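Heads up, the thing below is written out as structure tokens.
The values are calculated or read from the model by the stated rules, or taken from the named source; none is laboratory data. This structure is a prediction, so every number in the text was calculated from the model and none was measured. Counting neighbours? That spans all protein chains shown, and the Cβs are built from the backbone with ideal geometry, glycine included.
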Amino acid sequence: MAHLASSYESYETFLNGADAIWTVDLGALNSSGVSGTAIVATSTDEDGSSYLNVAISGTGLTPDQVHAQHVHGRFDASGNPIDSVSPTLADDADLDGMVEVLEGVGKYGDVLLPLVSPEGGDMPMADRNGTVSFLQSYDLDDAANFFSPVTGTDYTADDIMPLALREIVLHGVQVPDGLGEGTDGEVDGGTNGYTGILPAAAGEIESATLDEALAILGEQRATASAKFVLGGGRDVIDTGVGDDTVFAGSGDDEIAGGSDNDMLFGVGGDDLLYGNAGDDTIFGGLGEDTIYGGDGDDDLRGRQNDDVMYGVGGDDIMQGNGGDDVMLGGGGNDTMFGGSGDDAMEGRIGDDKLFGVDGDDKLQGNDGDDVVFGGSGNDTAFGGSGDDLMRGGDGDDKIYGVDGNDDIAGGTGNDTLAGGSGDDTVLGEDGDDQINGLSGNDLLVGGNGADMILGGTGLDIIGGGAGDDTISGGAGADEFHFDAGTGSDIILDFTQGDDVISFLDDGAIAFANSSENDTRGDSDLAAADFDTISTVADIDTGNDQQVIFSTGGLDDAMAASGADVEAYLAVNDGEDSYIYYDEDWSDTAGRELVATLEDVSTALTVSDFDVY
């Protein structure tokens with residue numbers, strides 16, 4: 001049998017020959033008032049191709065807003081599918097009054113299949129009455145359909161089975177102003193407004209009979225959105241062949257550009273604008289517009305309200321300008337500018353460039369080697385697969401590289417930065433940052449401020465930078481970089497024999513006898529660079545020792561010597577180890593604590609040190 005066409009009539013024909021049928025009763029989440037139903041069924045084509053066919057009807061949604069929807073699923077520690085259930089308010093971990101995306105994942109699991117148009121990545125939009133009607137077919141043999149925009153994980157059709165253990169979730173909630181005051185989640189207590197990522201409704205997928213599914217389909221058809229079935233009485237303009245210029249006027253219009261290089265102006269009203277084929281330029285106008293670039297290298301521009309833009313094919317340029325805009329790139333190498341407002345941008349396929357500019361933006365590169373810049377505001381950014389270049393800019397940003405060898409810098413503000421898998425470079429720059437390399441051999445540098453740095457797994461190089469930092473190397477042989485005059489850091493898990501302390505050569509000290517061999521754990525410092533003493537008074541001023549070990553107690557080691565020797569001193573008190581610096585050791589008042597190595601109760605040795 002042929003797979004589904006986008007009409008209720010063809011869906012009914014399909015149901016009568018479906019291989020298996022399930023239905024979903026969608027219940028409200030987050031006091032959204034949303035309700036609805038879904039039908040999920042599988043079919044096999046004449047050539048043996050398998051399809052998953054979905055029909056969704058939802059009411060009570062926020063009018064004229066895009067509402068994301070997905071099939072979610074959970075797995076146990078061995079990767080076996082387990083039952084997904086709907087979250088409740090008891091899952092509101094940050095107590096902001098709303099169950100957010102990550103809070104719900106523990107109950108219904110990660111996104112396995114985004115319910116969008118496979119051709120263009122289009123998400124459904126509610127009509128002015130708050131109704132969504134959605135019919136779509138998915139090729140089960142096309143792995144590109146199955147992925148998580150939340151975690152960046154790729155899935156397959158096998159992962160969504162058995163469907164009876166899975167759940168459908170609709171997103172997008174109008175949040176009352178003031179809700180969540182004093183929390184730091186997606187609901188912040190300010191002017192919340194429409195929050196597109198909050199779960200609005202969910203329901204478990206359950207096996208059904210043909211008669212049950214046909215009855216639900218009849219109800220869906222009776223309440224179908226006029227925007228989906230009839231077009232809603234708007235003016236419809238199809239430009240046809242040729243390079244056309246069209247000004248729509250003040251109504252809620254629909255303009256289709258045709259096959260050539262068109263220029264479309266929405267002007268007033270909430271317009272629906274299609275570029276289709278060709279290199280098109282589309283201006284949204286004064287209303288809340290929805291713009292599809294189509295094939296070709298298109299230039300799509302919103303204006304002052306909340307616009308939605310889909311690049312679809314080609315290397316597109318999208319500019320949100322004013323308002324809280326949504327931009328989805330599609331198949332080419334796209335460039336997006338958010339403008340003012342809290343914008344959401346997703347690059348999808350290709351090497352994309354995303355610039356949040358102003359506002360608290362959400363940016364996601366997905367596939368390809370992407371460039372992601374948050375700009376001003378408190379931004380959240382995900383790199384996805386590929387080797388991404390990511391910058392936070394101003395504000396308290398959250399940046400996650402996910403896969404690939406990423407280059408991440410937080411900028412100003414107190415940022416949360418995570419490299420993900422791959423060999424990442426992560427720089428905190430200004431502010432009190434939290435940095436996590438996760439897996440891979442990472443280079444992690446805190447920059448200015450009191451930072452918390454976690455190396456994760458792998459052979460990491462970690463430098464706190466300026467400020468008093470707390471550092472954990474994690475699993476693997478790690479290298480901790482230090483220079484005097486940059487703060488007093490704490491290392492939580494230094495492991496002798498694996499990890500090394502590496503001083504900056506030609507930093508506070510120019511090591512007289514150092515050599516460059518860059519072999520971790522085999523010190524670049526020569527034997528003449530080291531000495532062992534009982535007290536500081538034993539320092540030999542005639543030699544070049546710049547790393548000195550104390551065999552006496554901490555009090556003995558810190559006694560002033562009057563010697564004119566610039567050196568680091570390694571001291572152990574039986575519980576922890578300490579590294580001090582002094583430019584001449586003549587006065588204890590000038591002594592600087594460079595690092596504390598917690599729970600390192602054995603005296604440090606030559607093999608614990610290096611230079612870089």
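What the table shows:
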read-out: Residues of the stretch 65-85 classified as out of contact with any Leu (no Cβ under 7 Å at 6 or more places or on another chain) and among the polar types (S, T, N, Q), total; value: 3
read-out: Residue match in the stretch 133-152 (condition: farther than 25 Å from Ser35 by Cβ, in contact with a Ser or Thr (Cβ under 9 Å, 6 or more places away or on another chain) and among the hydroxyl-bearing types (Ser, Thr, Tyr)); value: no
read-out: Residue tally, condition surrounded by 15 or more Cβ atoms within 10 Å (Cβ to Cβ) and either among the aromatic types (Phe, Trp, Tyr) or assigned to a strand (DSSP E or B) (or both), over the stretch 76-104; value: 1
read-out: Boolean, Asp397 is at negative phi and surrounded by fewer than 24 Cβ atoms within 10 Å (Cβ to Cβ); value: no
read-out: Close pairs (7 angstrom Cβ cut-off, 6 or more residues apart or separate chains): at negative phi in the stretch 565-593, of a type in the set (Lys, Arg) and part of a loop (DSSP other than H, G, I, E, B) anywhere; value: Tyr580/Arg591; Asp582/Arg591
read-out: Extreme residue, farthest from Gly431 (Cα to Cα), among residues of the stretch 400-415 that are of a type in the set (Gly, Ala, Ser) and not in a strand (DSSP E or B); value: Gly404
read-out: The stretch 559-584: number of residues that are surrounded by fewer than 21 Cβ atoms within 10 Å (Cβ to Cβ), under 19 Å from Ile509 (Cβ atoms) and either aliphatic (A, V, I, L, M) or at pLDDT below 75 (or both); value: 3
read-out: Residue pairs meeting the criteria (Cβ under 6 Å; at least 6 apart or on separate chains; first modelled with pLDDT of 80 or more, in the stretch 85-107; second among the small types (Gly, Ala, Ser)); value: Ser86/Ala202; Pro87/Gly104; Glu100/Gly185; Glu103/Ala93
read-out: Per-region count, the stretch 294-349, residues over 23 Å from Gly383 (Cβ atoms), part of a loop (DSSP other than H, G, I, E, B) and of a type in the set (Asp, Glu); value: 5
read-out: Residue satisfying all of: in the stretch 446-462; aliphatic (A, V, I, L, M) and surrounded by 23 or more Cβ atoms within 10 Å (Cβ to Cβ); nearest to Ala603 (Cα to Cα) among these; value: Ile462
read-out: Test: residue in the stretch 48-59 that is in contact with a Gly (Cβ under 8 Å, 6 or more places away or on another chain), surrounded by 23 or more Cβ atoms within 10 Å (Cβ to Cβ), farther than 15 Å from Pro199 by Cβ and modelled with pLDDT of 90 or more; value: yes
read-out: Strands (runs of 3 or more DSSP E) lying entirely in the stretch 125-244 (those with 2 or more residues that are at pLDDT 80 or above and in the same structural domain as Gly73 (by TED's automatic domain parsing)); value: 132-139, 167-175, 193-207
read-out: Single residue of Asp469, Asp433 found to be farther than 20 Å from Phe503 by Cβ, out of contact with any Ser or Thr (no Cβ under 7 Å at 6 or more places or on another chain) and among the charged types (D, E, K, R); value: Asp433
read-out: Selected residue [surrounded by 24 or more Cβ atoms within 10 Å (Cβ to Cβ), under 19 Å from Gly196 (Cβ atoms), charged (D, E, K, R) and in contact with a strand residue (DSSP E or B) (Cβ under 9 Å, 6 or more places away or on another chain)] from Asp370, Asp343; value: Asp343
read-out: Any hit, the stretch 487-506, residues being outside any loop (DSSP other than H, G, I, E, B), surrounded by fewer than 14 Cβ atoms within 10 Å (Cβ to Cβ), over 36 Å from the mean Cα position of the chain (by Cα) and modelled with pLDDT of 65 or more; value: no
read-out: Check on Gly386, more than 19 Å from Gly465 (Cα to Cα), in contact (Cβ under 8 Å) with a residue 12 or more places away in the chain and assigned to a loop (DSSP other than H, G, I, E, B); value: yes
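To keep it simple, each residue is scored yes or no on (1) buried (at least 22 other Cβ atoms within 10 Å of the Cβ); (2) in contact with a Gly (Cβ under 7 Å, 6 or more places away or on another chain); (3) among the small types (Gly, Ala, Ser); (4) in the same structural domain as Ala508 (by TED's automatic domain parsing).
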position	(1), (2), (3), (4)
Gly411	yes, yes, yes, no
Gly464	yes, yes, yes, no
Gly476	no, yes, yes, no
Glu479	no, no, no, no
Gly485	no, no, yes, no
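Residues are listed down the side, and each one gets a yes or a no for (1) over 25 Å from Asp351 (Cα atoms); (2) modelled with pLDDT of 90 or more:
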site	(1), (2)
Glu254	yes, no
Leu286	yes, no
Tyr310	no, yes
Gly313	no, no
Met336	no, yes
